[in-house]
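What follows is one structure encoded as structure tokens, with my remarks underneath.
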Amino acid sequence: MTSSPAQSATIGANGMPVPAEEPRRPPVLSVGPLGWLRANLFSSWLNTAVTLVLAYVVISWALGLISWGVINAVWDVPGTGAQVDTSACRAVRGEGACWALIGEKYRFILFGLYPFDEQWRPALVVVIFVALYVVSAMRRFWNRWLGLVWMAALTVIGVLMWGGVFGLRFVEQERWGGLPITLILSTFGIALAFPLSILVALGRRQTSMPAVKALCVVYIELIRGVPLISLLFMASVMFPLFLPEGMNIDKLLRAQVAIILFAAAYLAEVVRGGLQALPKGQYEAADALGLSYWQKTGFIVLPQALRLVIPPLVNTFIGMFKDTSLVLIIGIFDLLNTAKTSIIEPAWQGFGIEAYLFVSAIYFVFCFAMSKYSQDLEAEFNRHRRR
Amino acid sequence: MPQDAIADPRYARAAPRRGLRLSWRDPTVRSIVWQMVIIGLVGFVVWWLVSNTMRNLEVRRIATGFGFLNREAGLPIAEAMIPYTPADTYARALLVGILNTLRVAVIGIVLSTILGTLVGIARLAQNWLLAKLAAIYVELLRDLPLLLQLLFWYALMQGLPGPRQAVNPFGSVFLSNRGIKFPWIAWEPAHTAALLALLAGIAATVLLARRFTAQQMATGTRPKLWPWGLALLVGLPAAVWVVMGAPFTIDAPVLRGFNFQGGATITPEFAALLLGLVLYTAAFIAEIVRAGILAVHTGQWEAAGALGLSRGEQLRLIILPQALRVIIPPMTSQYLNITKNSSLAVAIGYQDIVSIANTTLNQTGQAIEGIAIIMAVYLTISLSISLFMNWYNAKIALKER
């Protein structure tokens with residue numbers, strides 16, 4: 001055991017005992033909460049001024065928000081449906097939120113025109129989707145069974161939404177709406193675009209097949225050069241012209257195809273980044289083992305390349321999830337469109353802020369969860385690089 | 001051939017000839033066959049789609065071609081940067097749309113670059129409150145769909161009171177559901193001339209700065225730039241303006257009846273679109289800037305500090321020029337995104353190229369031509385931005401020997 005400073009101080013340099021000294025503490029102003037405040041908020045005159053101004057702005061905004069969203073808010077209005085009386089909301093317009101809108105319309109915003117008594121079905125679909133995402137995010141489930149789980153889950157979702165079997169009432173696709181549409185468009189969009197994007201990314205790296213490479217380059221650059229809206233317009237007004245007479249595909253499926261084609265081009269560039277980042281030695285070693293092209297790609301290249309690009313892949317997924325809201329423009333009832341439609345009745349006109357805040361919260365939960373997940377994964381993959 | 005050459009094992013075997021063998025084992029043959037199969041498949045699908053389209057167009061009696069562009073549009077456009085009436089042709093209406101797209105894209109790119117850089121730096125600030133607020137801003141705005149944000153801002157604009165109860169924050173600036181009204185000088189030729197003089201002044205200053213730099217390289221002394229700059233940037237335009245009679249009348253908005261007269265207007269559609277685009281893109285740019293600054297080695301900060309530079313100078317003179325090399329490539333894709341995202345204008349009724357082309361194709365039934373025009377316009381803009389940014393990137397790239 002080493003002697004404590006107090007003990008070692010009892011014998012001075014000349015061998016004479018000196019009076020024991022209290023261990024000296026750092027100045028009060030540089031440790032603890034006070035020290036933290038001084039270092040991080042009031043380190044200089046400029047910093048102090050910035051802190052004070054920001055604190056004033058934040059506090060006044062927060063107070064305003066609380067008085068608008070809680071204190072002056074209207075939580076309930078008399079009447080329902082067409083007989084609703086929103087005069088209480090109109091009276092506090094600008095000073096208080098009208099949360100009564102959400103109370104009245106949340107079923108419509110979440111599930112659209114789906115038959116009211118059957119809305120447990122889309123609700124269950126949402127739960128299955130969320131469970132599917134959670135399971136897929138856990139690394140311990142990253143094995144071959146995951147694909148089967150996905151197929152089973154998507155089948156169950158199809159059965160629940162359409163019905164017509166197992167005593168479930170048939171619900172035609174025109175009546176679907178709200179959150180399930182957003183989840184279906186983004187999940188199927190990503191699930192189908194991902195394999196396509198791998199093929200395109202591999203094709204773009206085929207130097208020995210110039211024709212295939214050119215095809216892939218043109219596809220990627222063309223799609224990435226135009227906005228998603230133009231593809232959706234194409235799906236909604238041009239696609240019917242492409243098909244032989246009598247053959248008709250419904251609007252949701254057409255939009256889905258447009259989203260898949262769009263997502264695949266962006267994902268392909270991410271995957272290509274991973275393929276390029278893989279050291280050349282991996283390709284050469286696989287060749288040296290005598291593996292065929294598809295063996296090399298499937299067993300050596302893709303498992304490593306995809307692992308490298310998981311964080312940007314998740315970021316692209318988030319982008320696609322947000323971009324599905326664009327189907328509003330061609331008139332598909334996704335979550336954003338139901339929110340926009342919920343305030344179309346004269347009684348509720350002008351309460352758009354409340355409806356949009358409600359769906360913002362839903363979008364935010366999904367996107368924030370995904371982005372946190374991607375950040376955590378990135379930190380984990382980069383752990384070996386950190387000092 | 002000499003005897004010892006044959007004994008050398010290197011000459012014992014002839015190198016395999018790289019000729020073409022008609023065998024499935026020859027990779028060249030295989031790749032040619034595969035390419036022919038794939039091209040054939042794609043070609044077949046394209047042919048099938050085109051032939052279907054032709055038949056459908058025939059059945060529906062839709063004429064193809066761009067002849068409709070010369071017809072009268074009859075479509076009103078609320079804000080046009082060039083003179084336009086509904087009696088003009090479709091071609092001119094589309095041109096107005098392209099200019100509207102470019103207007104929002106250019107202003108959006110400039111503003112979001114400034115805001116994004118500030119937020120990105122703020123997120124790294126020593127001030128805890130500032131850094132946290134910047135982080136909350138970025139996380140919140142990045143995780144909400146842009147279209148939702150646009151609709152939100154538009155709803156907020158429409159929630160403003162009518163012109164008669166317009167909010168008047170200061171001076172004669174009025175906020176109402178008709179847009180933002182603010183005073184503006186009555187435009188006269190003298191102002192245009194002064195503006196041109198300013199542009200000439202900027203060009204001259206840049207040239208002068210280059211010459212001075214060359215002189216510094218050659219002689220080691222640098223002449224003072226700022227008196228020249230002041231004269232060229234302020235003096236020249238002012239002189240032109242004074243020579244042309246120095247006209248200056250302020251055109252302030254005044255409430256007459258149910259609406260404002262005079263002044264300049266920012267329509268609610270344009271304001272909502274610009275606000276949404278700038279706030280959304282700035283969140284992404286902030287992250288790019290932050291990553292770029294973090295990518296500069298800590299030693300650079302320390303070395304700059306050892307030279308006695310203040311933190312602001314360290315950032316401006318040492319860190320940002322180095323961070324720029326990391327920042328530019330992802331920034332390019334954000335500029336492309338803002339241009340493409342401006343197409344969401346159609347959802348809130350700002351008449352950009354997508355909105356006008358969409359109305360055109362609904363009025364004329366020329367779906368294919370309308371969408372081809374939209375795509376061609378965006379491809380052209382995207383390619384131009386890419387080319388410019390690649391040139392800029394090459395210019396600021398590390399000059400290595």
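Here is a yes/no grid of residues against (1) in a helix (DSSP H, G or I); (2) open to solvent by 50 Å² or more (accessible area, probe 1.4 Å):
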position: B:313; (1), (2): yes, yes
position: B:328; (1), (2): yes, no
position: B:339; (1), (2): yes, no
position: B:344; (1), (2): yes, no
position: B:347; (1), (2): yes, no
position: B:350; (1), (2): no, no
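Quick one: which of A:273, A:246 is on the phi > 0 side of the Ramachandran plot and either part of a helix (DSSP H, G or I) or within 13 Å of another protein chain (Cβ to nearest Cβ) (or both)?
On the way: A:273 fails: on the phi > 0 side of the Ramachandran plot.
That would be A:246, the only listed residue that is on the phi > 0 side of the Ramachandran plot and either part of a helix (DSSP H, G or I) or within 13 Å of another protein chain (Cβ to nearest Cβ) (or both).
Taking only segment A:297-350 into account, find how many residues are open to solvent by less than 30 Å² (accessible area, probe 1.4 Å), away from chain B (no Cβ under 14 Å), over 20 Å from the mean Cα position of the chain (by Cα) and among the β-branched types (Val, Ile, Thr). So the answer is 2. Exactly one residue out of B:126, B:149 is in a loop (DSSP other than H, G, I, E, B) and either within 14 Å of chain A (Cβ to nearest Cβ) or among the small types (Gly, Ala, Ser) (or both): that is B:126. Any residue in segment B:53-71 that is modelled with pLDDT under 90, more than 19 Å from residue B:368 (Cα to Cα), open to solvent by less than 70 Å² (accessible area, probe 1.4 Å) and part of a loop (DSSP other than H, G, I, E, B)? No, every residue in segment B:53-71 fails to be modelled with pLDDT under 90, more than 19 Å from residue B:368 (Cα to Cα), open to solvent by less than 70 Å² (accessible area, probe 1.4 Å) and part of a loop (DSSP other than H, G, I, E, B). Out of curiosity, is residue B:155 open to solvent by less than 40 Å² (accessible area, probe 1.4 Å) and either under 26 Å from residue B:282 (Cβ atoms) or among the aliphatic types (A, V, I, L, M) (or both)? Criteria met by residue B:155.
Can you name every residue in segment B:223-241 that is loosely packed, with under 13 Cβ neighbours inside 10 Å and more than 26 Å from residue B:185 (Cα to Cα)? Once the filter is applied, which keeps residues that are loosely packed, with under 13 Cβ neighbours inside 10 Å and more than 26 Å from residue B:185 (Cα to Cα), segment B:223-241 yields B:223, B:224, B:226, B:227. Applying the criterion of being facing chain A (nearest Cβ under 8 Å) and open to solvent by less than 30 Å² (accessible area, probe 1.4 Å) to the residues of segment B:131-146, the residue that is farthest from residue B:341 (Cα to Cα) is B:139.
Scanning segment B:185-212 for residues that are among the aromatic types (Phe, Trp, Tyr) and open to solvent by 60 Å² or more (accessible area, probe 1.4 Å) yields one hit, B:187.
Taking the condition part of a helix (DSSP H, G or I) and more than 13 Å from every other protein chain (Cβ to nearest Cβ), does residue B:277 pass? Criteria not met by residue B:277. Taking the criterion of being open to solvent by less than 20 Å² (accessible area, probe 1.4 Å) and over 21 Å from residue A:58 (Cα atoms), the only residue of segment B:110-130 that qualifies is B:112.
Quick check: anything in segment B:90-105 loosely packed, with under 12 Cβ neighbours inside 10 Å, in contact with a Leu (Cβ under 7 Å, 6 or more places away or on another chain) and farther than 30 Å from residue A:209 by Cα? Taking every residue of segment B:90-105 in turn, none turns out to be loosely packed, with under 12 Cβ neighbours inside 10 Å, in contact with a Leu (Cβ under 7 Å, 6 or more places away or on another chain) and farther than 30 Å from residue A:209 by Cα. Within segment B:160-178, the residues that satisfy the criterion of being among the small types (Gly, Ala, Ser) and open to solvent by less than 40 Å² (accessible area, probe 1.4 Å) are B:162, B:166, B:172, B:176. Candidates are the residues of segment B:80-98 that are outside any loop (DSSP other than H, G, I, E, B) and of a type in the set (Gly, Ala, Ser); the one that is farthest from the chain's Cα centre (by Cα) is B:91.
Of all residues in segment A:156-184, count the ones that are at pLDDT below 85 and out of contact with any Asp or Glu (no Cβ under 9 Å at 6 or more places or on another chain). Don't jump to the end; show me each part of the working.
Within segment A:156-184, the subset at pLDDT below 85 is A:158-177.
Filter once more, so that each one left must be out of contact with any Asp or Glu (no Cβ under 9 Å at 6 or more places or on another chain): A:158-161, A:164-167, A:170, A:172, A:175-176.
Here the count works out to 12.
The residue list A:340, A:296 contains one member that is within 25 Å of residue A:184 (Cα to Cα) and basic (Lys, Arg), which is A:340. Search segment B:1-52 for residues being assigned to a loop (DSSP other than H, G, I, E, B) and farther than 30 Å from residue A:207 by Cβ, and hand back the single one that is modelled with the highest pLDDT. Looking at residues that are assigned to a loop (DSSP other than H, G, I, E, B) and farther than 30 Å from residue A:207 by Cβ, I get B:8. Candidates in segment A:98-116 are the residues that are under 27 Å from the mean Cα position of the chain (by Cα) and within 14 Å of chain B (Cβ to nearest Cβ); of these, the one that is farthest from residue B:158 (Cα to Cα) is A:109. Out of all the residues in segment A:214-224, is one or more within 12 Å of chain B (Cβ to nearest Cβ) and out of contact with any helix residue (DSSP H, G or I) (no Cβ under 9 Å at 6 or more places or on another chain)? There is at least one residue in segment A:214-224 that is within 12 Å of chain B (Cβ to nearest Cβ) and out of contact with any helix residue (DSSP H, G or I) (no Cβ under 9 Å at 6 or more places or on another chain).
Residue by residue, here is whether (1) closer than 26 Å to residue B:53 by Cβ; (2) of a type in the set (Ser, Thr, Tyr); (3) out of contact with any Leu (no Cβ under 9 Å at 6 or more places or on another chain); (4) assigned to a loop (DSSP other than H, G, I, E, B) holds:
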position: A:169; (1), (2), (3), (4): no, no, yes, yes
position: A:180; (1), (2), (3), (4): no, no, no, no
position: A:187; (1), (2), (3), (4): no, yes, no, no
position: A:195; (1), (2), (3), (4): no, no, yes, no
position: A:198; (1), (2), (3), (4): no, no, no, no
position: A:206; (1), (2), (3), (4): no, no, yes, yes
position: A:217; (1), (2), (3), (4): yes, no, yes, no
position: A:223; (1), (2), (3), (4): yes, no, no, no
position: A:231; (1), (2), (3), (4): yes, no, no, no
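Does residue A:124 fit the bill of being in the same structural domain as residue A:175 (by TED's automatic domain parsing) and open to solvent by 60 Å² or more (accessible area, probe 1.4 Å)? Against the criterion (in the same structural domain as residue A:175 (by TED's automatic domain parsing) and open to solvent by 60 Å² or more (accessible area, probe 1.4 Å)), residue A:124 qualifies.
What tally of residues in segment A:74-121 results from selecting those that are open to solvent by 30 Å² or more (accessible area, probe 1.4 Å), of a type in the set (Ser, Thr, Tyr) and part of a loop (DSSP other than H, G, I, E, B)? Adding up the residues that qualify gives 1. So which residues in segment A:135-148 are open to solvent by 70 Å² or more (accessible area, probe 1.4 Å) and hydrophobic (A, V, I, L, M, F, W, C)? A:138, A:141, A:142, A:145, A:148 - these are the residues of segment A:135-148 that are open to solvent by 70 Å² or more (accessible area, probe 1.4 Å) and hydrophobic (A, V, I, L, M, F, W, C).
Of the residues making up segment B:152-163, those that are at the interface with chain A (Cβ under 7 Å from one of its Cβ atoms), of a type outside the set (A, V, I, L, M) and within 25 Å of residue A:54 (Cα to Cα) number 1.
The values are calculated or read from the model by the stated rules, or taken from the named source; none is laboratory data. Given the structure is predicted, the values throughout are model-derived calculations rather than measurements. Glycine also receives a Cβ, built like all others from the backbone with ideal geometry; neighbour counts cover every protein chain displayed. Heads up: the accessible areas ignore ligands, DNA and RNA and are worked out on the full protein's heavy atoms, side chains in. Shrake-Rupley method; radii C 1.70, N 1.55, O 1.52, S 1.80 Å.
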